[in-house]
Amino acid sequence: MLKRISRLLCFVALASVGSIASAEESIAFCLPEWKEMHFDDSAKAQQHLAAVQKLGCEAKIDNHGGHTDVVYRSPKWKSMEVATDELAHQWESWLKKAGFETLHGHAADHGGDDHAGHEGRDHAAHDHAGHSHAAGQVEEVNYRITDWKTIHIENQEQLAELTAMLKGLGCELKSSQHSGHADLSFRCPQWKHIEVGSHQVATTWEQWLAKTGFEAKHVH
């Protein structure tokens, strides 16, 4: 699995330099606190180190007691682009297993569900294209913003982080630089949703989306 991820990382790195405009899916990710993963196999530890470094993480190796720890973090939101929804799910799964928080916006009809109107749906256990969830494992936050919204940003780090988050949510983006600041415009006219692992996290994202200008609905 690690070798496969490493090969995919090489592809993503090349795509970001080349024609990334052809990518169709984005995943945003962050890991604010240091994450430590234990490996008994030093080769696998090196592969994991290389993978998180290619994602732009701060990372280091700690050898002790006959095993290896890979320690890493990515405190700011970043994003990566892939060609298909299937690849996006593979990456999102790997990132979550590696300890990252992720954002990947799904279309309202993803897997055949209507997320704008939820009457009659069984939210306890459902299946989406490419992945399934048992009861209690996921909650959904639905969102849209039909008109373009523009945010004035003077800090370049904030611009990069917000851009990554909005890409992960699947928004259309436009940006312009002038007079020492940037204007970031975005919209998401069709209903989309993100899937999170707890009620608390879902509520936090619902509040953030509403404050940012989205219509937001938390599906229990």
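Consider segment 16-36. How many of its residues are of a type in the set (A, V, I, L, M, F, W, C) and at pLDDT below 95?
Within segment 16-36, residues that are of a type in the set (A, V, I, L, M, F, W, C) and at pLDDT below 95 number 4.
Can you say whether ALA43 is modelled with pLDDT under 95, of a type outside the set (S, T, N, Q) and surrounded by fewer than 18 Cβ atoms within 10 Å (Cβ to Cβ), as far as the supplied structure shows?
yes
Quick check, is GLU172 farther than 20 Å from GLN190 by Cα and among the charged types (D, E, K, R)?
No, not satisfied.
Quick one: count up the residues across segment 48-93 that are hydroxyl-bearing (Ser, Thr, Tyr) and more than 17 Å from MET37 (Cβ to Cβ).
Residues flagged as hydroxyl-bearing (Ser, Thr, Tyr) and more than 17 Å from MET37 (Cβ to Cβ) within segment 48-93 amount to 2.
So which residues in segment 54-74 are part of a loop (DSSP other than H, G, I, E, B) and closer than 17 Å to ALA43 by Cα?
Those that are part of a loop (DSSP other than H, G, I, E, B) and closer than 17 Å to ALA43 by Cα: GLY65, GLY66.
Inspect all residues belonging to segment 133-145 and state whether any of them is modelled with pLDDT under 50 and under 20 Å from LYS217 (Cα atoms).
yes
Against the definition (modelled with pLDDT of 95 or more and not basic (Lys, Arg)), how does GLU161 come out, yes or no?
For GLU161, the condition - modelled with pLDDT of 95 or more and not basic (Lys, Arg) - is met.
The values are calculated or read from the model by the stated rules, or taken from the named source; none is laboratory data. Here the structure is a predicted model, which means the values were calculated and not measured. So basically every Cβ, Gly included, is an ideal-geometry build from the backbone, and we count neighbours across all protein chains shown.
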